[in-house]
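To start, the structure under review is shown below, and the notes come after it.
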Amino acid sequence: MRLRYSSALVTGASSGIGLEFARVLADRGCDLVLVARRTDRLEALAKELSTVKVEVLAADLGSEAGVAAVEQRLADSPVELLVNNAGIASGGPFTETDLDYEDQMVKVNVLAVMRLCRAAVGPMVAAGHGGIINVSSIAGEQPLRGYATYSASKAYVTTFTEALAAEVRANGVHVTLLKPGYVWTEMNPDGPARDSMQGRIWLEADAVARHAVDAVEKGKLMSVPGVQWRAASGLIQALPRQLVRGLTSRFDAST
Ligand SMILES: NC(=O)c1ccc[n+]([C@@H]2O[C@H](COP(=O)([O-])OP(=O)(O)OC[C@H]3O[C@@H](n4cnc5c(N)ncnc54)[C@H](OP(=O)(O)O)[C@@H]3O)[C@@H](O)[C@H]2O)c1
């Protein structure tokens, strides 16, 4: 099935969900701009995706120069679909985490998402056509002890995306919020055994990317892949915040 968007820029396309976004989009005939730091991986992916035009853009989204380079690319030649997928996470008590890494997390997970949305959405509104997928997480729906900065960064992405979607819907721009639960990627190298009880509720990265692309194609705001995670997300949102806070404060999610 050919996508309604003919070009897309995907951040964090060198591994995990972003790499699968690139595969799903190429499969549906979409030309690509692939963004990440590890260009060797992006070049290899570009070779694999030989049925569409693929451009590799090396950028560190934790740096001003990196974000500015991607903004410039979006200004020079606007894309029809933006996928803000790049993200980092770290766990542990906030007082003991590496402050530089926490700082990078806010820059990559929050500021880059906001800046690239701003760069992409103007031309989309002017054209009356476009799509944005912002990758948040179920982690953004609750204050996670042991992941204070990560869960807060994803709470930003969730709220920002919901507001942006409401602002540009009438201009023909579809904004989709992807909120996965646990996904088998390099972000979680120490996950549970695949055939364990816990492992069975984890998601495959290709299915996650496909779910979000289908959602933006249909103009849906929410993409929560997996019935188990839709149930969890619905429950967290239905419970009073005080109760959620009480439950999540009892255990350290990073251990
Ligand atoms: N895995 C999960 O369980 C899970 C659950 C919910 C949400 N998510 C979200 O899904 C998104 C993708 O994560 P993933 O699980 O696929 O992890 P991953 O395999 O570690 O991929 C992360 C991607 O982000 C890129 N990236 C990281 N820092 C960057 C920087 N400074 N500049 C540019 N690119 C950068 C990486 O590329 P380079 O290192 O090459 O730059 C890589 O391509 C993230 O936003 C994450 O928060 C993941």
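The values are calculated or read from the model by the stated rules, or taken from the named source; none is laboratory data. Predicted, not measured: the structure shown is a model, and the values here were computed from it. Reconstructed Cβ throughout: ideal geometry from the backbone, glycine too, with neighbour counts over all protein chains shown.
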Original post:
What pairs can you find where one residue is in segment 178-190 and among the basic types (Lys, Arg), the other is more than 6 Å from the ligand (Cβ to nearest atom), and their Cβ atoms are less than 6 Å apart, with a gap of 6+ or different chains?
Top reply: 179/136; 179/138; 179/224
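Please count how many residues of segment 1-39 are acidic (Asp, Glu) and either near the ligand (Cβ under 9 Å from one of its atoms) or in contact with a Phe, Trp or Tyr (Cβ under 8 Å, 6 or more places away or on another chain) (or both). Spell out how you get there, then give the answer.
Filtering segment 1-39 down to residues acidic (Asp, Glu) leaves 20, 27, 31.
Then drop every residue that is not either near the ligand (Cβ under 9 Å from one of its atoms) or in contact with a Phe, Trp or Tyr (Cβ under 8 Å, 6 or more places away or on another chain) (or both), which leaves 20.
Of the residues in segment 1-39, 1 are acidic (Asp, Glu) and either near the ligand (Cβ under 9 Å from one of its atoms) or in contact with a Phe, Trp or Tyr (Cβ under 8 Å, 6 or more places away or on another chain) (or both).
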Original post:
Within segment 79-127, how many residues turn out to be away from the ligand (no atom under 14 Å from the Cβ) and small (Gly, Ala, Ser)?
Top reply: 6
Original post:
List the pairs whose first member sits in segment 47-73 and is closer than 24 Å to residue 123 by Cα, whose second member is modelled with pLDDT under 95 and part of a helix (DSSP H, G or I), and whose Cβ atoms are under 7 Å apart, counting only residues at least 6 apart or on separate chains?
Top reply: none
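Hey, does segment 188-203 have a residue that's within 11 Å of the ligand (Cβ to nearest atom), assigned to a loop (DSSP other than H, G, I, E, B) and in contact with a helix residue (DSSP H, G or I) (Cβ under 8 Å, 6 or more places away or on another chain)? Show your work before the answer.
Here is the first cut: in segment 188-203, the residues within 11 Å of the ligand (Cβ to nearest atom) are 188-189, 191, 202-203.
Next cut, assigned to a loop (DSSP other than H, G, I, E, B) only: 188-189, 191, 202.
When the remaining residues are screened for being in contact with a helix residue (DSSP H, G or I) (Cβ under 8 Å, 6 or more places away or on another chain), the result is 191.
Yes, segment 188-203 contains at least one residue that is within 11 Å of the ligand (Cβ to nearest atom), assigned to a loop (DSSP other than H, G, I, E, B) and in contact with a helix residue (DSSP H, G or I) (Cβ under 8 Å, 6 or more places away or on another chain).
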**OP:** Among the residues of segment 204-216, write down those that are more than 13 Å from the ligand (Cβ to nearest atom), buried (at least 19 other Cβ atoms within 10 Å of the Cβ) and under 16 Å from residue 227 (Cβ atoms).
**Re:** 210, 215
Subject >> Boolean, residue 219 is on the phi > 0 side of the Ramachandran plot, away from the ligand (no atom under 16 Å from the Cβ) and in contact with a Ser or Thr (Cβ under 9 Å, 6 or more places away or on another chain) >> reply: yes
Subject >> Pairs with Cβ under 8 Å, 6+ apart, first in segment 127-139 and farther than 7 Å from residue 173 by Cβ, second polar (S, T, N, Q) and more than 16 Å from the ligand (Cβ to nearest atom) >> reply: 128/171
